[in-house]
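Data first, discussion second: the structure below is written as structure tokens.
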Amino acid sequence: MSWCERSVRYHKRQTDCAIRHAYVRLATDAPAAPKFRELLHYVRNRAARLLEAPVLNGYHPGVEALVNLSRFGSAHIRPAAAWSGTTSSWRLAVSSLAHHLVCRYDVPVFLASSWYSTEDAAADEKRGWFVAHARGASFRSLNLPIVMTRRMEHIFLASHDHLAIEHAIRRAELLALGAPAEFVQAVLSTRLATDLSNGEFWRTVWIFLIANASVIDPSLIGPMIDFIQAIRHDRAAVETPDGTVELDPPQPAFSIKGRTVQSMLRLMQDWHRSLGLGSGGLAWAASPLQPMQVEEPTEDASAPPRRWQMMELTNSAQLRAEGAALNHCVASYADRCSRGLSRIWSLRFWQGEKIHHVVTIEVDPKRRAIVQARGRANRTPSGKPLRLLQDWATRERLQLAI
């Protein structure tokens, strides 16, 4: 049996398992269970590619979409039997089915991702946005985490098909405020690409940064966001003799009002230096992701080979050492790692006995995505390090969202 045949059979077993699990989950939902059975029947006969969605850790986005569409049966305005089906990819198949069942008016394809979102506290709310907008409500009139202007809505609704909804909202906000492209990319490489909380405060930050965009190096945008987030919003877990204590943010009333670029950079640099002075001893379990080692021979046959390694950092001391080696603020992520919100990996190489730190990588475990990759002084990786990062992402089935 060829590798391709084995792969197809393995995916079919995973799909069958996801379907069985869906029936178990819906067993106590009298209206949804028969609706799921009906949708599955028509998908198998009219849009089989919907079930070809990749399965990650038992999560099958195509099956998940059918579960959620079944749970929202009261929003259906057309019978599944009248759906003509599609031969398009699984994402477009989900969009086609959702449009048929729910939409009185066209909605952008990327909004259909709401039907296979999972493990997200706002997932059902996003599905509610889809239904309301499909029935004619303007998107900006919905209960959104940020205030959306007419221009933001226009940019948002024209978003590319592959974008996550939160990502598209943040991108539209920044573009409508006049942010240059490199500024937008810098923000979207941070956790605020998908974390839309504290929208009113962050709007003041965007306005400040955009007004000063000509004198701020885009590579400083990410560190500045990390700094502001840490001092104003992040609660920190600290190890004490009496156990772990969770502390409030040090400056919860921090405001951008009256600041200058120079004062902000000075504050950020002082905070950055302070990260190396802490004595916290937080540690956390390693993730299921696997490390990687690659040996690269040198041009000089007598010189030792270069050994690349992708390794996970699992305690605050390792984060501080990584931040000191590459002159960035990854040490501030210790609390997020201890709470399972982030995973930090380090790409480095050995030349003889000397270790060279090259790139620090943040993985969002919920999205299974690489959301940040920063080299020395927050530079973007390129060349060999970028290729190794791409190879590792492919092997571990991670989305490369940088």
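The values are calculated or read from the model by the stated rules, or taken from the named source; none is laboratory data. Every value quoted in this text rests on a predicted model; they were computed, and no experiment measured them. Here the Cβ is made from the backbone with ideal geometry for all residues, glycine too, and neighbour counts use every protein chain on show.
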Which residues, taken from segment 125-155, are in contact (Cβ under 8 Å) with a residue 40 or more places away in the chain and either over 24 Å from L174 (Cα atoms) or in the same structural domain as S96 (by TED's automatic domain parsing) (or both)?
R127, V131
Where a residue in segment 336-351 is farther than 30 Å from D248 by Cβ and its partner, wherever it lies, is basic (K, R), with Cβ under 7 Å and at least six apart
F349/R306; F349/R307; W350/R307; Q351/R306
Cβ-Cβ under 7 Å, sequence separation 6+ or interchain: first residue in segment 1-28 and farther than 18 Å from S70 by Cβ, partner at pLDDT 90 or above. Which pairs?
Q14/H60
Note down all Cβ pairs under 6 Å where the first residue falls in segment 365-377 and is closer than 30 Å to H60 by Cβ and among the polar types (S, T, N, Q), the second is at pLDDT below 85 and crowded, with 20+ Cβ neighbours inside 10 Å, and they're at least six residues apart or on different chains.
Q372/S189
Among all residue pairs at least 6 apart or on different chains, which show Cβ distances below 6 Å where the first residue, located in segment 292-321, is over 17 Å from V358 (Cα atoms) and the second is among the hydrophobic types (A, V, I, L, M, F, W, C) and assigned to a strand (DSSP E or B)?
N315/A283
Going residue by residue through segment 19-26, is there one that turns out to be assigned by TED's automatic domain parsing to the domain that holds A123, assigned to a helix (DSSP H, G or I), buried (at least 19 other Cβ atoms within 10 Å of the Cβ) and charged (D, E, K, R)?
no
From the options L92, L97, L51, residue that is under 22 Å from S159 (Cβ atoms), surrounded by 19 or more Cβ atoms within 10 Å (Cβ to Cβ), within 27 Å of the chain's Cα centre (by Cα) and not polar (S, T, N, Q):
L97
Quick count over segment 321-345, residues being touching an Asp or Glu at 6+ places or on another chain (Cβ under 9 Å) and among the basic types (K, R), is 2
Going through segment 204-237 in order, the residues found to be in contact (Cβ under 8 Å) with a residue 40 or more places away in the chain and loosely packed, with under 15 Cβ neighbours inside 10 Å are T204, N212, V215, R235
Looking only at residues that are modelled with pLDDT under 90 and of a type in the set (A, V, I, L, M) in segment 301-318, which one is nearest to the chain's Cα centre (by Cα)?
A317
Take the conditions touching a helix residue (DSSP H, G or I) at 6+ places or on another chain (Cβ under 8 Å) and either outside any helix (DSSP H, G or I) or at negative phi (or both) and apply them to N45. Does it pass?
no
Just checking, how many residues over segment 27-48 are surrounded by 13 or more Cβ atoms within 10 Å (Cβ to Cβ) and of a type in the set (S, T, N, Q)?
0
Kindly establish whether L175 is under 30 Å from N45 (Cα atoms), at pLDDT 95 or above and assigned to a helix (DSSP H, G or I).
no
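One line per residue, one yes/no per condition, for (1) surrounded by 13 or more Cβ atoms within 10 Å (Cβ to Cβ); (2) modelled with pLDDT of 95 or more; (3) among the hydrophobic types (A, V, I, L, M, F, W, C); (4) under 24 Å from R368 (Cβ atoms):
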site: P108; (1), (2), (3), (4): yes, yes, no, yes
site: S117; (1), (2), (3), (4): yes, no, no, yes
site: A121; (1), (2), (3), (4): no, no, yes, yes
site: F130; (1), (2), (3), (4): yes, yes, yes, yes
site: G136; (1), (2), (3), (4): no, yes, no, no
site: R140; (1), (2), (3), (4): yes, yes, no, no
site: R150; (1), (2), (3), (4): no, yes, no, no
site: F156; (1), (2), (3), (4): yes, yes, yes, no
site: S159; (1), (2), (3), (4): yes, yes, no, yes
